[in-house]
Amino acid sequence: MELRQLKYFIKAAERSNFTEAAYLLNISQSTLSQQIKQLEDELGIPLFDRIAKRVFLTEAGRLFLPHAMQTVRKSEDGREMIAELNDIQAGSLTIGVTYGLSPLLAQALIRFSEIYPKIKITIEFGTSAELLRLIAESRLDFALSFVPVIPSANHVSYPLFKSVLSLIVHKDHSFASYRNVSLSQLTNLPLVLPVKGYSIRSFLDKVLTEADIIPDVTIEINDIDMLLKLADTGKWCTVLMKTSLFNYPSLVAVPFVGEGMERQATITWPVDVYRKKSAKIFAGFLEVMN
């Protein structure tokens with residue numbers, strides 16, 4: 001079993017098409033097909049069902065994929081580790097982040113890039129659940145989210161700071177001048193909220209249920225920036241963590257009063273994976289800012 005075969009397999013699984021995968025890998029389709037066939041022969045089981053021009057992972061392929069990804073990632077980590085013995089001026093970082101922590105990440109990116117301009121950085125946005133999946137697949141160096149600090153077989157999280165649940169309103173809204181608001185005041189407001197499945201929505205639904213409050217939700221959207229755009233019109237309000245409010249100077253975050261309104265922002269690392277020096281330095285910038 002060769003590393004290149006695993007890379008070919010992963011790319012084919014991502015695209016569900018040998019032709020597209022071969023093009024992205026800059027090899028011929030026949031080479032890709034041959035290498036994957038050799039991998040299947042060595043494993044003694046088909047990894048793909050080939051239907052017309054498309055290919056689909058078999059059950060064996062779905063089970064084998066995360067192991068292949070982890071093997072490739074560990075190989076790349078090893079190469080990074082050797083390179084870092086001499087210098088961390090080059091290399092790459094892949095960072096996951098939820099929208100609400102974008103301001104924190106942006107500030108750290110600016111400072112880090114000034115010192116290490118040759119390190120390539122890839123940013124992956126996603127929900128907390130999506131970021132945990134990428135962590136488990138060894139596709140992220142670390143992630144910034146609101147994942148609880150609870151031990152796991154795939155990841156470990158450390159606290160960064162706490163953020164408070166807030167009502168987001170336009171600066172001309174009557175609530176904009178309030179120091180805080182209560183959950184009960186939501187019942188009289190037209191709300192646009194994140195769709196169910198977002199961790200912030202789950203958190204909000206939990207506190208609303210505990211308070212026996214049913215809000216007037218007129219719109220649900222799976223894009224936080226769009227929520228803020230709608231709130232910026234002044235026709236709707238939304239509810240997010242206070243750290244989610246940025247790039248909208250005409251919006252105001254009014255904290256909710258009461259117990260259990262805070263969430264812990266965390267940095268999450270994959271377990272049993274080499275932590276690059278550059279990743280640890282980047283994480284240090286995050287800690288200094290808080």
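What the table below lists for this structure:
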{"item": "Under 5 Å, built H, 5+ apart or other chain: amide partners of residue 160", "result": "265, 266, 267"}
{"item": "With Cα atoms, 0 to 90° folded angle of helix 277-289 axis to the chain main axis", "result": "0 degrees"}
{"item": "Sparse-neighbourhood loop sites, trypsin sites (Lys or Arg not before Pro) in region 98-178 - DSSP loop, at most 13 other Cβ within 10 angstrom", "result": "118, 171"}
{"item": "Region 49-79 residues near the modelled residue 272 label - backbone nitrogen below 12 Å, point 7 Å along Cα→Cβ", "result": "67, 70-71"}
{"item": "Calculated diffusion of region 3-68, Stokes-Einstein form, Kirkwood radius summed over Cα pairs, 4 °C and 1.567 mPa s, µm²/s", "result": "113 µm²/s"}
{"item": "Taking 11, 53 and counting other C-beta atoms within 10 Å, the order from fewest to most", "result": "53, 11"}
{"item": "Likely footprinting exposure, 208, 3, 132, fewest C-beta neighbours within 10 Å first", "result": "3, 208, 132"}
{"item": "Residue-averaged [θ]222 nm for the chain, counting only DSSP H segments that reach four residues, each worth -39500 (n - 2.57)", "result": "-13000 deg cm²/dmol"}
{"item": "Residue-by-residue Karplus 3J(HN,Hα) for region 266-273, coefficients 6.51, -1.76, 1.60, Hz, glycine and proline x", "result": "9, 10, 10, 10, x, 8, 6, 10"}
{"item": "Spatially proximal lysines relative to residue 37 (Cα-Cα < 19 Å; intrachain offsets below 8 disregarded)", "result": "7, 11, 53"}
{"item": "Residue-wise HN-Hα coupling along region 190-203, computed from phi with Karplus coefficients 6.51, -1.76, 1.60 (Hz; x: Gly, Pro)", "result": "x, 10, 10, 10, x, 5, 4, x, 6, 5, 5, 5, 4, 5"}
{"item": "Cα-based reach from residue 162 at 16 Å (exclusive), listing aspartates and glutamates while leaving out same-chain residues under 8 positions away", "result": "259, 262, 287"}
{"item": "Only Lys, Arg (+1) and Asp, Glu (-1) charged, at Cβ; the chain dipole about Cα centre in debye", "result": "440 debye"}
{"item": "In Hz, Karplus ³J(HN,Hα) per residue of region 96-105 (6.51, -1.76, 1.60; θ = phi - 60°; x = Gly, Pro)", "result": "x, 7, 8, 4, x, 10, 4, x, 4, 5"}
{"item": "Extension gain (nm, one decimal) between residue 4 and residue 38, 0.36 nm per residue minus Cα-Cα", "result": "11.1 nm"}
{"item": "Under 5 Å, built H, 5+ apart or other chain: amide partners of residue 124", "result": "95, 96, 97"}
{"item": "Shape metrics for the chain, restricted to C-alpha atoms - Rg then Dmax, Å", "result": "22.7, 69"}
{"item": "Trypsin sites (Lys or Arg not before Pro) within region 176-220, DSSP loop, no more than 13 other Cβ atoms inside 10 Å", "result": "179"}
{"item": "Placed amide H near residue 55: partners under 5 Å, 5+ positions off or other chain", "result": "17, 18"}
{"item": "Above-threshold pairs, the threshold being 23 Å between Cα atoms, out of 196/276; 74/120; 118/276; 171/206; 206/242", "result": "196/276; 171/206"}
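None of the figures in this text is laboratory data; all of them are computed from the coordinates on show. A quick note: this is a predicted structure, and the numbers were derived from the prediction, not measured. All Cβ positions, glycine included, derive from the backbone under ideal geometry; neighbour counts span all protein chains shown.
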